[in-house]
Amino acid sequence: MTSPLHLVRHALPFTRYPYRGEGMACNLCGGTETLVVAETDRRLKRLRSVACTGCGLIRTDPMPNAAELDAYYASAYRAAYQFALGRRPPRHHLNRSRREAAFRADLLSPALRPGARVLDFGSGSGEFLAAARGRGCEATGIEPGRAYGAYARAEHGARVLDRLDDLAPGEAFDVVTVHHVLEHLRDPVDTLVRLAGQLAPGGVLYAAVPNMAATGKPPHERFHFAHVHGFVRETLDRAARRAGLVPHPAYRREDTTVVYRQADASDGPDLPTTGLAQDLAAALGTVRPGAYVASGAWLRPMVRRNAKAIRDTFAAR
Ligand SMILES: [Zn+2]
């Protein structure tokens with residue numbers, strides 16, 4: 001049960017999140033040496049993020065354990081994930097999901113042929129499943145959030161399973177998608193390996209994560225308690241390579257939104273990512289919360305974020 005005090009401790013700026021966490025080796029290369037890249041997150045709470053000096057993968061340090069992450073989703077995310085305020089997901093979520101699903105379906109257009117078998121890992125409210133079915137594909141979702149899974153089944157008539165293990169043995173897919181999920185996982189590389197294992201010969205895997213090297217907003221805006229891993233182009237590609245995947249040249253790439261194909265003998269060895277942690281530490285720097293608040297620079301992003309939520313809420317269906 002979440003106490004009001006626990007919620008307050010999750011929301012109060014300039015304080016640490018109420019979690020103990022644990023030390024963890026890099027999920028991508030197994031390294032344990034790191035550089036600090038941030039001490040503050042987008043809510044101006046204290047949250048340490050480090051980059052692995054071996055490969056550049058960013059992670060929260062200490063890493064929340066599985067129970068602590070569950071507790072976070074059960075408290076801070078409850079309204080959004082359990083539809084506490086109604087039987088449908090919040091409308092601004094649905095509108096945003098619909099836009100993102102249309103973008104993803106367009107990007108994957110050549111692969112979404114009639115009859116293609118599609119697997120969406122982390123299918124949420126099912127907008128991409130609906131888009132794939134609209135193109136004549138057979139779509140399956142995996143969604144651990146019970147309320148979202150139930151909504152996708154009821155609203156879109158989609159096949160949605162709770163876990164990957166619930167797939168039939170040997171089931172294979174022509175298209176696998178994982179959209180803004182990997183950054184939430186303690187074991188993103190292992191998950192990519194498992195997802196790549198579901199590909200039929202010649203299949204493609206779409207992976208999208210936030211780009212930690214994105215410019216255009218203050219660095220700390222890229223950090224979020226729920227995002228326990230952070231990727232840039234190089235580390236997403238290297239994680240995909242660990243899963244036997246390489247970028248597919250026939251598809252348009254947008255930084256950390258990539259369509260991968262299965263690697264073959266001609267693809268050569270892994271790319272080195274030496275020096276990436278140093279580059280990230282320099283680019284992301286560390287925001288001093290006091291100076292940031294005094295500067296007033298937080299005002300514009302806050303207004304923009306609220307305006308976006310309002311626009312998404314009232315956008316025409
Ligand atoms: Zn590493």
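Of note:
- Within the range 66-101, restricting attention to residues that are crowded, with 17+ Cβ neighbours inside 10 Å, small (Gly, Ala, Ser) and modelled with pLDDT of 90 or more, the residue that is farthest from Tyr251 (Cα to Cα) is Ser97.
- Selection count where residues are in contact with a Cys (Cβ under 8 Å, 6 or more places away or on another chain) and surrounded by fewer than 21 Cβ atoms within 10 Å (Cβ to Cβ), scope the range 5-33: 4
- Taking (1) at positive phi; (2) in contact with a strand residue (DSSP E or B) (Cβ under 7 Å, 6 or more places away or on another chain); (3) modelled with pLDDT under 85 in turn, Gly268 satisfies each apart from (2).
- Wholly enclosed strands (runs of 3 or more DSSP E) of the range 1-68 bearing at least 1 residues away from the ligand (no atom under 16 Å from the Cβ): 34-40, 46-52
Per-residue answers, yes or no, for (1) surrounded by fewer than 21 Cβ atoms within 10 Å (Cβ to Cβ); (2) among the charged types (D, E, K, R); (3) touching a residue at least 40 places away in the same chain (Cβ under 8 Å):
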| site | (1), (2), (3) |
| --- | --- |
| Leu164 | yes, no, yes |
| Ala172 | yes, no, yes |
| Val176 | no, no, yes |
| Asp187 | yes, yes, yes |
| Pro201 | yes, no, yes |
| Thr215 | yes, no, no |
| Pro249 | yes, no, no |
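- The residues of the range 193-223 that are touching a Lys or Arg at 6+ places or on another chain (Cβ under 9 Å), over 16 Å from Gly285 (Cα atoms) and in a loop (DSSP other than H, G, I, E, B) amount to a single one, Pro210.
- Applying the set (1) touching a residue at least 24 places away in the same chain (Cβ under 8 Å); (2) surrounded by fewer than 18 Cβ atoms within 10 Å (Cβ to Cβ) to Ser125 leaves exactly one unmet item: (2).
- Arg104 within 16 Å of the ligand (Cβ to nearest atom), within 26 Å of Tyr206 (Cα to Cα) and modelled with pLDDT of 85 or more: no
- Counted residues, the range 145-162 - those being free of Cβ contacts under 8 Å to residues at least 40 places away in the same chain and either within 21 Å of Arg242 (Cα to Cα) or not charged (D, E, K, R) (or both): 9
- Being out of contact with any helix residue (DSSP H, G or I) (no Cβ under 8 Å at 6 or more places or on another chain) and under 27 Å from Gly23 (Cα atoms) is a property that Arg242 lacks.
The values are calculated or read from the model by the stated rules, or taken from the named source; none is laboratory data. Just so it is clear, the model here is predicted, and its values are computed rather than measured. Positions of Cβ are backbone-derived with ideal geometry, glycine not excepted, and every protein chain shown enters the neighbour counts.
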